[in-house]
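> Below you will find the structure I want to go over with you.
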Amino acid sequence: MEVNQTSFPKKLYSCWHPVGYSDEILKDSPFGTFLLDEAIVLWRTSDGKAHAMKDLCIHRGTALSLGWIKDNCIICPYHAWRYDKHGKCILIPQAPNSKIPSKAKTPIYNCIEKYGIVWVAINKPTYNLPRIDEFNNKQWQFINTGPFKWDSDSSRQVENFTDFGHFPWVHPGLLGDPKRPLVPECKVIVKGSVLHYSIVRPEASNTDDFPIFANDKIVKPERRSVYELHLPYTILLRLGWGDKEGMIYFFASQPISKNKCRGYCIVGRNYNHDEPETVIQEFEKVIFDQDKRIVESQRPQQVPFDLAEELHLKFDSVAMNYRRTMKKEKLYY
């Protein structure tokens, strides 16, 4: 069902957005959230398939996410009206012998499940999700971290993830070294709605608390990072240190509203599978908390897509290309 909206650029409603980790959407209870200021409810039928619809019972406007699931239907908690996966009301207990009005329905949204995340596009999706062949390779272990809910726009959360200049200062000893602050040149190639770029930069050695990187053999470790930034708010990063060991970071931000977002970060690695997953999860919590403090202070809370509004230097090439391409693709407001 096509939904007409005005609060955000129309094209944003036609993008896949993350709305929850797969393990957050259970088989026995609905999951409520917001996407682009729209209240949505996620739930599963008995075959395990995830469904998304407007979190609204047409009878009295009650949130369906407060209800329950029975016989492959979601049931309103107020009067127990029963809705099927197509959004149609199929039972009104107070009038079981009456014809159900055609108005008794709620909009359904495009919904898919991929890479351990449930994605929703409110209108017909325009772009494809990134391809991660390693996800089905048993040599790789993938770990969910977060999610990370910030009082900022998704555009700020994404730009921070791909900003190289802040590592020595915001994450000293973990991702960067203040004695090595220079950002190497980074060439950005734009192909449609995807930004491609790579960089080799210095990083800190592993710490005793977080021995997660395969860089212990290097005196002054350098990280080789290859990025794909998929508009509007998704990043695929493959990184390594010059040997066979490597990591994958898959990050996507859910635009809850103009000033609220929820970030999902899945970390993959082809080594150290015997290390507890909590080591990576706790590391990412520290990193994201350090970033959150900074990003939530930024004004405006949304990235200003007019390049004249902020000062840009050569090492800001990714941010400049991101802003130009978002503007070209009409994904900003």
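The values are calculated or read from the model by the stated rules, or taken from the named source; none is laboratory data. Since the structure is predicted, the reported quantities are computational estimates derived from the model, not experimental observations. Every residue, glycine as well, gets a Cβ built from its backbone with ideal geometry; the counts of neighbours run over all protein chains shown.
> Of the residues that make up the stretch 92-106, is at least one within 30 Å of residue 250 (Cα to Cα) and in contact (Cβ under 8 Å) with a residue 24 or more places away in the chain?
For the stretch 92-106, residues within 30 Å of residue 250 (Cα to Cα) and in contact (Cβ under 8 Å) with a residue 24 or more places away in the chain: absent.
> Now, a different point. Which residue out of 155, 257 is within 23 Å of the chain's Cα centre (by Cα) and surrounded by fewer than 19 Cβ atoms within 10 Å (Cβ to Cβ)?
When all the criteria are applied, what remains is 257.
> Looking at the stretch 292-321, which of its residues are over 18 Å from residue 197 (Cβ atoms), surrounded by 13 or more Cβ atoms within 10 Å (Cβ to Cβ) and charged (D, E, K, R)?
Answer for the stretch 292-321, where residues must be over 18 Å from residue 197 (Cβ atoms), surrounded by 13 or more Cβ atoms within 10 Å (Cβ to Cβ) and charged (D, E, K, R): 292, 296, 310.
> When you check residue 268 against the structure, is it more than 21 Å from residue 319 (Cβ to Cβ), small (Gly, Ala, Ser) and either in a strand (DSSP E or B) or in the same structural domain as residue 36 (by TED's automatic domain parsing) (or both), yes or no?
In short, yes.
> Among the candidates 136, 123, 97, single out the residue that is under 30 Å from residue 230 (Cα atoms) and at pLDDT below 95.
136
Results for (1) of a type outside the set (Phe, Trp, Tyr); (2) within 15 Å of residue 146 (Cα to Cα), shown as yes or no for each residue.
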{"site": "252", "(1), (2)": "yes, yes"}
{"site": "260", "(1), (2)": "yes, no"}
{"site": "271", "(1), (2)": "no, no"}
{"site": "276", "(1), (2)": "yes, no"}
{"site": "285", "(1), (2)": "yes, yes"}
{"site": "289", "(1), (2)": "yes, yes"}
{"site": "292", "(1), (2)": "yes, yes"}
{"site": "295", "(1), (2)": "yes, no"}
{"site": "311", "(1), (2)": "yes, no"}
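> List, please: which pairs have Cβ atoms under 8 Å, are six or more places apart or on different chains, and start with a residue in the stretch 121-146 that is in a helix (DSSP H, G or I) and end with one that is surrounded by 15 or more Cβ atoms within 10 Å (Cβ to Cβ)?
What qualifies is 134/140; 134/248; 134/268; 134/270; 135/115; 135/142; 135/268.
> Something else now. If you go through the stretch 162-192, how many residues are crowded, with 20+ Cβ neighbours inside 10 Å and modelled with pLDDT of 95 or more?
Adding up the residues that qualify gives 0.
> Is the stretch 39-46 home to any residue that is basic (Lys, Arg), farther than 30 Å from residue 329 by Cα and not in a loop (DSSP other than H, G, I, E, B)?
Yes, the stretch 39-46 contains at least one residue that is basic (Lys, Arg), farther than 30 Å from residue 329 by Cα and not in a loop (DSSP other than H, G, I, E, B).
> Within the stretch 275-299, count every residue that is without any contact (Cβ under 8 Å) to a residue 24 or more places away in the chain and of a type outside the set (S, T, N, Q).
Adding up the residues that qualify gives 4.
> Another question, if that's okay. For the structure I just gave you, tell me whether residue 111 is free of Cβ contacts under 8 Å to residues at least 40 places away in the same chain and not in a loop (DSSP other than H, G, I, E, B).
Here the answer is no, as residue 111 does not meet what is asked.
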